[in-house]
Each structure stands twice: as structure tokens, then as C-alpha cells.
Amino acid sequence: MMCVIKAENITKVFGDLEVLKNVSLEVDRGEVISIIGPSGSGKSTFLRCLQQLEEIDGGKIKIDDKKLGMIFQNLNLFPHKTVIENISEAPIIVNKMNREKAVKRGEELLKKVGLLDKKDDYPCDISGGQKQRVAIARALAMEPEILLFDEPTSALDPELVGEVLSVIKELAKDHMTMIIVTHEMAFAREVSDYIVFMDEGKIIEKAIPNKMFTNPDHPRIKVFLDKML
Amino acid sequence: MSYILNITGFILKGSIVTLKLYAVAIVFSIPLGIVGALGKTSNKKWLKNILEIYIWIIRGTPLLLQLFFVYFGLPVFGIKLGRFQAAAITFIINYGAYFTEIFRAGIESVDKGQYEAAKALGMNYKQTMRRIILPQAIKRVLPPTSNEAITLMKDTALVAAISMGDILRAAKEVLTRDFNVTPFIIAAIIYLLLTSVVVLVFKQLEKKYAIYE
Ligand SMILES: Nc1ncnc2c1ncn2[C@@H]1O[C@H](COP(=O)(O)OP(=O)(O)O)[C@@H](O)[C@H]1O
Ligand SMILES: [Mg+2]
């Protein structure tokens with residue numbers, strides 16, 4: 001297996017607050033890793049450091065950043081662009097792909113996430129779950145080898161969660177390398193190769209799902225999971 | 001009746017000067033405002049400081065004083081400008097400052113997440129500003145920009161003070177000659193028509209940008 005992400009002893013400080021404390025994580029190609037843990041434990045910050053949206057204060061990150069795509073917690077779709085424009089914009093202006101080809105590929109991606117009929121709508125005119133799927137298609141359009149998801153379903157009404165999770169499951173089947181921050185425990189258990197538990201800026205355990213959910217080493221994790229389930 | 005047509009024709013000739021000045025001022029002050037706003041939202045401290053001083057001076061002093069300074073004052077330093085040049089430069093610099101502030105606020109009102117999404121998709125600063133941030137900022141600054149554009153139309157009347165034959169000056173000439181207020185009423189109507197066109201143009205733009213959110 002080839003290691004595609006190698007984060008070594010990452011530290012991140014906001015003012016006086018040490019948000020990440022020596023966080024290390026290795027991810028192999030094709031692996032799906034879910035990060036769980038209480039809110040405020042540094043999960044988003046860790047993803048943002050991997051994506052280089054935050055400068056790290058210590059440690060090393062080894063990734064080819066061109067291969068990295070991110071789906072944000074609040075999506076950040078471009079409100080002034082239609083669904084298809086959201087998806088084709090970066091391939092056209094960053095990769096200099098010709099417009100026709102970019103649109104055609106965008107339509108294929110929309111088909112994949114089941115939204116081809118919404119291609120000319122603006123983000124404000126589609127539902128939360130549809131927005132989430134557009135955000136995934138937009139990231140996929142840059143042909144990333146690794147996708148980072150920050151709580152992809154946390155903003156959704158319960159009945160919309162399923163449609164988004166099934167898209168992510170499809171990606172897992174295609175062996176997309178993914179790091180997913182999530183509170184959907186059943187989903188994490190089903191889709192992940194490993195579960196990482198973060199607490200107070202540290203990874204306190206990394207284990208296969210079965211172990212994490214039935215017999216974690218840390219009592220702290222047991223308490224958290226009992227509350228979640 | 002023929003008297004009214006006659007003086008209307010005369011005052012309309014003045015409106016050519018007004019419109020020429022207006023066009024030049026708009027065409028240059030808006031880009032100046034965009035560049036200024038990009039400077040003010042950049043992370044270059046020295047550039048921000050220079051712009052800060054520029055805006056402080058321009059906003060804190062009368063436009064008429066600035067016009068007098070450029071037309072009557074600069075010759076003292078050996079810079080002699082024609083009336084139109086002096087007026088155009090003054091209006092561009094003056095309105096550039098106001099537009100800088102308006103556009104800066106517009107750029108800053110765009111959510112930080114938009115920059116991050118653009119960055120995560122591999123866009124550089126220029127691509128992000130051009131394709132993602134500025135188009136969203138434009139929508140938000142249309143109402144205040146429209147206000148400024150209307151005010152500029154009326155402010156052009158200040159050039160009468162350096163003896164330029166604009167609408168106001170033409171009207172005043174007729175009044176001095178014939179001693180009745182009709183020319184002022186005609187001038188008022190012309191200004192109203194011109195500002196109404198500006199309002200209409202911006203209404204159309206706002207409609208165009210209303211398709212999202
Ligand atoms: N830009 C920031 N400035 C200051 N503090 C921040 C910033 N971003 C996050 N934090 C703080 O860092 C901690 C971890 O946040 P976050 O990574 O969002 O946690 P999680 O995603 O696990 O809920 C929190 O205490 C949060 O308030
Ligand atoms: Mg978070």
C-alpha cells in the first residue's frame with residue numbers, strides 16, 4: 001500500500017489555545033478514515049491544516065496538494081454560479097480545460113450524484129442534500145485522489161442524510177481515498193477502514209471500526225460513544 | 001414657444017459638456033475604485049496606508065476646493081491644465097476615493113468560505129478575485145454605487161465655477177441675459193432626465209444580478 005498522506009506531529013495554535021497537539025496520521029491509497037470525537041476537539045482544524053487553509057505551527061505534512069479535494073462543512077458553493085458552472089469553473093480556469101469538455105464532464109458528474117436535472121439551477125434554489133451533492137461533484141471535477149469531508153451531513157434534515165451518505169459510499173466503492181469527519185456512527189462504521197478518535201487536540205486512538213465501537217482502549221471513548229448511540 | 005425651444009437648445013449644448021465629463025469620470029473612477037479596493041483588502045500594509053491617507057484627504061475636503069486646487073492651484077507648481085482636463089482629473093480622483101470605500105466594503109462582505117473553496121479548487125488570488133469574489137461583491141455594491149453615480153451627475157455642475165459651459169453655466173448665462181427663471185427650470189428638467197437614466201441603468205443591472213439569492 002502506498003502512503004498518500006503523512007502528517008507528523010502537527011501542532012496548531014490559535015492565540016493561547018493549542019488546538020492540535022502533535023497529531024500524526026498516515027493514510028494509504030484507497031483508505032477511508034473517519035474522524036470522530038467531541039465538538040471543539042480540533043477535527044475541522046486538522047482537515048483545514050491538511051488542505052493548507054491554516055498554517056501549521058509545528059510538524060510536517062506530506063501530500064501532493066493538487067490531489068486533494070475538500071467538501072466544507074458549510075459547503076461554500078458559489079452562489080452567483082449555476083450548479084453546472086460551480087462544477088466546471090475550476091477545470092476551465094485552473095486546468096484550462098475547454099469549456100465544452102468541462103461542461104460535459106460536469107454533466108457526467110451530476111448524473112453520478114443524481115442531479116443532472118438541476119444543472120441550470122442556482123444553489124439557492126436547491127435543497128440542502130442537493131447542495132451537498134453539488135459540493136461533492138465540484139470537488140470531484142478536479143479529479144482529486146483524496147477527498148476531505150467535514151461533517152457532510154451535519155447541516156441536513158434527517159431525511160436528506162441518506163442521499164448524501166450513499167454518494168460517499170459509492171466513492172468508497174470506487175476506492176477513493178477519503179478522510180471524513182462525521183457524527184454518523186453507523187455510517188462511519190460501515191464505510192471506514194479505520195476510525196480515528198480525536199479529543200482535546202489529540203488523536204487518542206486509531207482502530208478498525210469493530211474495535212473502536214465495541215472495545216476501545218480509552219474509557220473516554222466509551223463514554224462518548226454511549227452518548228452518541 | 002420658440003423662445004423656450006431656443007434656450008433649451010442652448011442649454012442642451014451645455015449638456016454635451018456635462019455628459020462628456022460624466023462619462024470620463026465614471027469610466028475611470030470605477031476602475032480606480034476597484035483597484036483601490038483590491039489594494040485596501042490586500043495584505044500590503046504600506047499600500048493600505050497610502051490609500052487610507054488618500055481617502056482621508058478626499059473625503060474630508062470639499063470637492064469644489066479640490067477642483068479649484070487642480071485648476072487654479074496646480075499652475076503655481078507649473079502644472080497647467082485645461083478646464084476639461086482639470087475637471088476630469090478632479091472628479092476621477094474624488095469619486096475614485098468614494099468608490100474605493102464602497103467596493104472595499106463589498107469585497108469584505110463576501111464570506112471567507114468563498115476564498116477557501118476557491119483555494120481548495122486550486123484557484124490563485126487573481127482567479128479567485130475575478131471569478132468568485134468580485135462578481136459577488138458587485139451585486140452587493142450596486143445600490144451604493146448607484147447613489148454615487150447619481151450624485152456625480154449633479155456634482156458635475158460644480159464645473160460652472162471654473163467657467164465651463166455645462167448645463168448649469170448655460171442656464172445661468174441665459175438667465176443673466178433675459179432675466180427670467182425659465183432656463184433654470186429647463187436645466188432642472190434636463191438634470192432630472194439624466195439622473196433618471198442613471199437610475200434606470202442601475203435598476204436593470206440590479207435585476208440582472210437578482211437571479212441568484
Ligand atoms: N480561526 C480560529 N480562531 C480561533 N480559534 C479557533 C479557530 N478555529 C477553531 N478554533 C478553536 O479551535 C478549537 C477546535 O475547533 P475545530 O477544529 O473547529 O473543532 P471540531 O471541528 O472538532 O469541532 C475550538 O476550540 C475552536 O473554538
Ligand atoms: Mg468541526
(request) Estimate the FRET efficiency between A:Met228 and A:Val13 by the formula 1/(1 + (r/R0)^6), using the beta-carbon distance for r and 30 Å for R0, to the nearest 0.05. (result) 0.55
(message) Please report the projected area of segment B:20-116's Cα convex hull averaged over all directions, in nm².
(response) 7.1 nm²
(message) Can you give me the Rg/Rh ratio for segment A:56-97, using Cα atoms for both radii and the Kirkwood formula for Rh?
(response) 1.10
(request) Name the shape class, rounded, prolate or oblate, that the alpha-carbon gyration tensor gives for segment B:2-212, where a ≥ b ≥ c are the square roots of its eigenvalues, rounded holds for a/c under 1.5, and otherwise prolate holds if a/b is larger than b/c and oblate otherwise. (result) oblate
(message) Give me the percent of accessible area attributable to carbon and sulfur for chain A, probe 1.4 angstrom.
(response) 46 percent
(message) Quick check: Cα centre of segment B:65-115 to Cα centre of segment A:173-205, how many Å?
(response) 55 Å
(request) Per residue of B:118-128, count partner chain C-beta atoms within 10 Å of its C-beta, then hand back the mean as an integer. (result) 6
(message) Could you tell me the center-to-center distance, by alpha carbons, between segment A:110-139 and segment B:121-137 in angstrom?
(response) 21 Å
(request) Calculate the length of the line joining the C-alpha centroid of segment A:82-98 to that of segment B:193-213, in whole Å. (result) 29 Å
(request) Evaluate the Debye formula for chain A with equal point scatterers sitting on the alpha carbons, no solvent, and hand back log10 of I(q)/I(0) at q = 0.08, 0.18 Å⁻¹, in q order, two decimals. (result) -0.29, -1.36
(message) Which three numbers, in whole Å and largest first, are the semi-axes of the equivalent ellipsoid of segment A:79-144 derived from its Cα gyration tensor as √(5λ)?
(response) 18, 11, 10
(message) Return the Rg/Rh ratio of segment A:135-220 with Cα-based radii and a Kirkwood Rh.
(response) 0.98
(request) Working from Cα positions, state the angle (0 to 90°, nearest 10) between the long axis of helix A:83-93 and the longest principal axis of chain A. (result) 90 degrees
(message) Taking 56 Å as R0, compute the FRET efficiency from the Cβ-Cβ separation of A:Gln73 and B:Ile185 and round it to 0.05.
(response) 0.35
(message) How are the alpha carbon pair distances in the protein assembly as shown distributed across 20 Å bins from zero to the largest one, expressed in percent?
(response) 21, 39, 24, 13, 3, 0
(message) For a test of understanding, tell me how many lysine pairs in segment A:79-144 have Cα atoms under 21 Å apart, given they are 8 or more places apart or on different chains.
(response) 22
(message) Pairs of alpha-carbon atoms within less than 8 angstrom and 6+ residues apart define the contacts here; what relative contact order does chain B have, in percent?
(response) 30 percent
(request) Determine the shielding of peptide B:104-114 by partner chains: average, over its residues, the number of Cβ atoms on other chains within 10 angstrom of each Cβ. (result) 2
(message) Per residue, how large is the accessible surface of segment A:79-144? Use a 1.4 angstrom probe and give square angstrom.
(response) 43 Å²
(request) Compute the long axis of helix A:128-140 from its Cα atoms, compare it with the longest principal axis of the Cα atoms of chain A, and write down the angle in degrees, 0 to 90, nearest 10. (result) 90 degrees
(request) On a 0 to 90° scale, report how tilted helix B:182-209 is relative to the longest principal axis of chain B, with both axes built from alpha carbons and the result rounded to the nearest 10. (result) 20 degrees
(request) Write down the accessible area per residue of segment B:19-105 in Å², having rolled a 1.4 Å probe over the full set of protein chains. (result) 55 Å²
(message) Per-residue Cβ counts within 10 Å, from other chains only, averaged over A:70-77: what number is that?
(response) 4
(message) To the nearest 20 Debye, how big is the dipole of segment A:39-130 about its Cα centre, given +1 on the beta carbon of each Lys and Arg and -1 on that of each Asp and Glu?
(response) 380 debye
(message) Suppose we flag trypsin sites (Lys or Arg not before Pro) only when DSSP calls them loop and at most 14 other Cβ atoms lie within 10 Å. Which is the longest uninterrupted stretch of chain A?
(response) A:97-229
(request) Would you work out the charge dipole size for segment B:2-212 about its Cα centre, treating the Cβ of every Lys and Arg as +1 and the Cβ of every Asp and Glu as -1, and quote it to the nearest 20 debye? (result) 580 debye
(message) I'd like to know which of B:Val70, B:Gly33, A:Leu109 lies farthest towards the positive end of the charge dipole of the protein assembly as shown, counting +1 on Cβ of Lys and Arg and -1 on Cβ of Asp and Glu.
(response) B:Val70
(message) Running a GNM on chain B with Cα contacts under 10 Å, which residue among B:Gly14, B:Gly165, B:Gly73 ends up with the highest mean-square fluctuation?
(response) B:Gly73
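The values are calculated or read from the model by the stated rules, or taken from the named source; none is laboratory data. Everything numeric here is computed off the predicted structure, so don't read it as measured data. All Cβ positions, glycine included, derive from the backbone under ideal geometry; neighbour counts span all protein chains shown. Surface areas here come from the heavy atoms of the whole protein model, side chains and all, with no ligands, DNA or RNA. Shrake-Rupley method; radii C 1.70, N 1.55, O 1.52, S 1.80 Å.
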